[in-house]
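Participant: Got a structure here, written out as structure tokens. Questions coming.
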Amino acid sequence: MSWIKGIFDFFCSERLTLDERDMSDGTTKESISDYQLVGGAEGVRALVERFYQIMDETPAYRALREMHAADLDAACEDLIGFLGVWLGGPRVWLERRGGFCLMSRHSSMGIGANTAGQWLAAMREALDGTIQDQPLREKMLQVFTRLTEAMARSGGAA
């Protein structure tokens, strides 16, 4: 079970870091946060809303959709808040919640390889359609891949 803790610790405590590189306006990566690279609050919201739209409208993701409430607003707001903090944005969401264990929060959902794969595929589509910075998209996808693998191993058969 230490691998679960390792994934959780990585996802919840580490922020994305990209190699230092020159940006088109002369600044370096060191001066631009990942939160800024996604477009701040608007960019995070666009990503998450697109993710839930894809999940809701794509028949191939039906099993994943059925794991969620009929109204996706609360799930959408939670993911917006979580990703915003994780990407280096304002910590308001975390301060309101008082802490958050990603693996524990999802442990009762019975996430298996099928639904974890559906989540990852929907998120890949959302990332491709909303995040312009390719290195950031790739880093986010790498982390999401490890996360979904860990959830599938610790979850059920769905």
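Participant: Enumerate the calculated ³J(HN,Hα) couplings along the stretch 121-128 in order (Karplus 6.51 cos²θ - 1.76 cosθ + 1.60, θ = phi - 60°), each rounded to whole Hz, writing x wherever the residue is Gly or Pro.
Facilitator: Running phi through 6.51 cos²θ - 1.76 cosθ + 1.60 with θ = phi - 60° gives 5, 5, 5, 4, 4, 5, 4, 4 Hz.
Participant: Quick one: Ile32, Ile111, Ile131, Ile54, fewest Cβ neighbours within 10 Å first, how do they rank?
Facilitator: Neighbour counts put them in this order, fewest first: Ile32, Ile54, Ile131, Ile111.
Participant: What do you get when you divide the Cα radius of gyration of the stretch 34-154 by 2.2 N^0.38 Å, with N the number of residues? Provide the component values of the computation, followed by the final result.
Facilitator: Numbers: Rg = 13.7 Å, N = 121, 2.2 N^0.38 = 13.6 Å.
Rounded to two decimals, the normalised Rg is 1.01.
Any read-out appearing in this document is the output of simple, stated calculations on the displayed coordinates, not a laboratory observation. Fair warning: this is a prediction, and the values are worked out from it, not measured in the lab. Backbone-built Cβ (ideal geometry, glycine too); neighbour counts: all protein chains shown.
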